[in-house]
Amino acid sequence: MSETRKVTIKAFRFNAETDYLPYYKSYEMEIGKDELILDVMNRIKWEHDGSFSYRRSCRHGICGACAIKVNGRATLACKQNAMELLDLFNNELVLEPQSTKRAVKDMIIDKSDFWEKHAAVKPYVVADIDPHPEHETKQSIEEFNNFLDSDLCIQCGACHYSCPALEVNEEYFGPAAFVAAYRFTVDTRDNAGKERLELTAQPAQGVWDCVKCFECAEACPKEINPIEKITKLHNMQFEQKVARSNVATRHAEGFVRSIRKHGFLDEADIVVYSEGYLGMYKHLKTAVKMLKAGKIHWQDGIPFIDNMPKIKNLDEVKKLIDISMTNKL
Amino acid sequence: MSQLKYALFTGCTAKQSTPELLSSTLAVADKLGIEITILEEASCCGASHLQDFDEFLAHVLNARNICYAEKLGLTMITICNTCQLNSAMTKHALDTNPELKARVNEKLAEVGLEYKGTVEIKHFLYTLIDEYGLENIKDKVKVPLSNFNIAPFYGCHNIRPSELHHGSNNGENPYVPTSLDSLIDALEGHPVDYDHKNKCCGFHVELQANHTSEVLAGNAMIDAVDNNADMMVTPCPLCHLKMDTYQDDVGKVIGRDIELPVLHMPQMVALALGCTEEEIGLNFHVAKATQLFSEAQA
């Protein structure tokens, strides 16, 4: 394989002060095998157009400033080898800001929504500090390991701007804020855990609006796996009795009820149980369509008529639920 | 080729609202000479929702399912992306965390089972491609799908998180997935290239964040339609349910009339292999799809 490759790089260009609409401009260059996406951006600026704008600082994957998207893929420019992406995307790279609708100038976006949501979960240890302590506040290895990986977050916004729930629902806190909420809630020195759990349990803004797409896990350049922390926050809401009975929590807990009874999830029952009989009116139209297509049967969901299939050895599942379940709603 | 044998974890939907998924899967296996043993003991995988309530319990139940495949000594195959994800997540957690594995096995011992970690877990899509082989499938095509532009919809839980799936999905890149496209190619259909093929359908927040759910499904569907798709195909019955059953509601939220048949991956293969109308089960769809059977033969 040749050490360099001649390619055309397309870049999103926009100046909110002068341009009505954004446009894309192409730049030809020869790229070496060790060049990073940050080098590519530097070369656009230094060799082609000095007005090309982007954020950069540390060049070591620490400051989080140079996060952009390349062909829609969240990319920390100073960490990402350009040749790798050329291979992946068949030699056609399109550089875009993390969120085109928030673009201010070229790769630079207005990231205020990220910072507001991040700040809202109190991303710091909340504690009464003795100004003259007699000894250090020690952390055991286990206590430290609880938040070790989430502490690696550099607030680059890669997960936040890859989250499809956030694109639709502007109230949603997003994965980065949840990682911060988790990191400080499991810190044994912190006293604001309950408050953070209450905040992240709220409908629309909280963890229950996560669509479970795993885009955040894929996007994170520090391999934090935000959705894993989101699942832990869900569990902690039940463990610490913060979870209130609502359609989302009943939907999660209702799985136990179904599985204990049939081994399978009872698709009709889970909707009735989560929504309540009064909430069912929203689903009547769909239920009729599903009936017509033979997807559900008229008996489904009607109490006392049980036509659900059952798994073999259901007793094992009942017993395992009884001896393994730790949480309650 | 030596005979392929698998333990099939059907999941819940194939036993209830999508009977066509199970019948078409079994019909495809039969046509290709793949031996399937259904894991009748397997319970629900938790669908990522039980995991939110009680992660440990979800691991115990998924480990129990895997035990039954281990007893048979067969690779466990799934026909639902979410079953695949949750089974694989439990396998990964137990295989990499001896302390958790011991805690789970302590519970399983109470019902006479032990999780060992000896079998693979793979979605049927990838066993067809990697183990049966696209070339061999090509040889079996009776009804080429050349009349159709088919939009592949990959579904999140087969491709993300990529690190978890790479051992079982042939290193599929979540940003540029190709498996479904190449399967459509092998069946002589025309794969539709569109941006939303690897995006989220919104199924999992259908109840609590309905608007989000409808918009995500709608974005994907109109992208497929605008790129001239005659049908969509997905390896995930949850994506299918979202886009098929709720198609009208999605259309209303998005402000577009959508008429797009959404097929399960095995239904598409069954159509090309010349399986019967009954086996393919297009009559079980909410968005009209029965016409595809005769259109395919035309």
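Suppose we filter B:E35, B:E99 for residues that are within 13 Å of another protein chain (Cβ to nearest Cβ) and either buried (at least 17 other Cβ atoms within 10 Å of the Cβ) or at negative phi (or both); which single one remains? Reasoning before the result, please.
Details: B:E35 fails: within 13 Å of another protein chain (Cβ to nearest Cβ).
Criteria check complete, one pass: B:E99.
Any idea which of (1) charged (D, E, K, R); (2) part of a loop (DSSP other than H, G, I, E, B); (3) at pLDDT 95 or above is the one A:K194 doesn't satisfy?
(2)
Residue check, B:S24 against (1) touching a Pro at 6+ places or on another chain (Cβ under 7 Å); (2) within 12 Å of chain A (Cβ to nearest Cβ); (3) small (G, A, S), all met but one. Which one?
Result: B:S24 fails condition (2) only.
Just wondering, is there one or more residues in the range A:228-242 that are over 25 Å from B:C83 (Cα atoms) and either buried (at least 24 other Cβ atoms within 10 Å of the Cβ) or touching a strand residue (DSSP E or B) at 6+ places or on another chain (Cβ under 8 Å) (or both)?
From the range A:228-242, those over 25 Å from B:C83 (Cα atoms) are A:239-242; that's our starting set.
Narrowing the set further to residues that are either buried (at least 24 other Cβ atoms within 10 Å of the Cβ) or touching a strand residue (DSSP E or B) at 6+ places or on another chain (Cβ under 8 Å) (or both) leaves none.
No: zero hits.
Take B:D54 and decide whether it is more than 7 Å from every other protein chain (Cβ to nearest Cβ), free of Cβ contacts under 8 Å to residues at least 24 places away in the same chain and either of a type in the set (D, E) or touching a Phe, Trp or Tyr at 6+ places or on another chain (Cβ under 9 Å) (or both). Reasoning before the result, please.
On the way: more than 7 Å from every other protein chain (Cβ to nearest Cβ): no; free of Cβ contacts under 8 Å to residues at least 24 places away in the same chain: yes; either of a type in the set (D, E) or touching a Phe, Trp or Tyr at 6+ places or on another chain (Cβ under 9 Å) (or both): yes.
In short, no.
Note down all Cβ pairs under 8 Å where the first residue falls in the range B:104-115 and is outside any loop (DSSP other than H, G, I, E, B), the second is of a type outside the set (A, V, I, L, M, F, W, C), and they're at least six residues apart or on different chains.
Matching pairs, first to second residue: B:V104/B:H59; B:V104/B:Y115; B:N105/B:E114; B:N105/B:Y115; B:K107/A:S324; B:L108/B:R64; B:L108/B:E114; B:L108/B:Y115.
Looking only at the range A:13-20, decide whether some residue is touching a residue at least 24 places away in the same chain (Cβ under 8 Å) and assigned to a strand (DSSP E or B).
Yes.
Check every one of the strands (runs of 3 or more DSSP E) wholly within the range A:47-111 and list those with 1 or more residues that are closer than 27 Å to B:P177 by Cβ and of a type in the set (D, E).
On the way: elements: A:67-70, A:73-76, A:92-96, A:103-105.
Strands (runs of 3 or more DSSP E) meeting the threshold: A:92-96.
Conditions (1) closer than 21 Å to B:A209 by Cα; (2) buried (at least 24 other Cβ atoms within 10 Å of the Cβ); (3) of a type in the set (V, I, T), marked per residue:
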position: B:M232; (1), (2), (3): no, yes, no
position: B:C239; (1), (2), (3): yes, yes, no
position: B:I254; (1), (2), (3): yes, no, yes
position: B:E259; (1), (2), (3): no, no, no
position: B:L273; (1), (2), (3): no, no, no
position: B:E279; (1), (2), (3): no, no, no
position: B:L292; (1), (2), (3): no, no, no
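Take the conditions part of a helix (DSSP H, G or I), within 14 Å of chain A (Cβ to nearest Cβ), crowded, with 21+ Cβ neighbours inside 10 Å and of a type in the set (V, I, T) and apply them to B:T90. Does it pass?
Spelling it out, B:T90 is indeed part of a helix (DSSP H, G or I), within 14 Å of chain A (Cβ to nearest Cβ), crowded, with 21+ Cβ neighbours inside 10 Å and of a type in the set (V, I, T).
Scan the range B:179-209 for residues that are of a type in the set (V, I, T) and within 14 Å of chain A (Cβ to nearest Cβ) and jot them down.
B:V205
List the helices (runs of 4 or more DSSP H) that sit entirely inside the range A:213-329 and contain at least 2 residues that are more than 9 Å from chain B (Cβ to nearest Cβ) and more than 26 Å from the chain's Cα centre (by Cα).
Details: elements: A:215-219, A:226-239, A:247-262, A:267-279, A:284-292, A:314-324.
Per the criteria, A:247-262, A:267-279, A:284-292, A:314-324.
The values are calculated or read from the model by the stated rules, or taken from the named source; none is laboratory data. What you see is a predicted model; the values in this text were computed from it and never measured. Here Cβ is always computed from backbone atoms with ideal geometry, including for glycine, and neighbour counts include all displayed protein chains.
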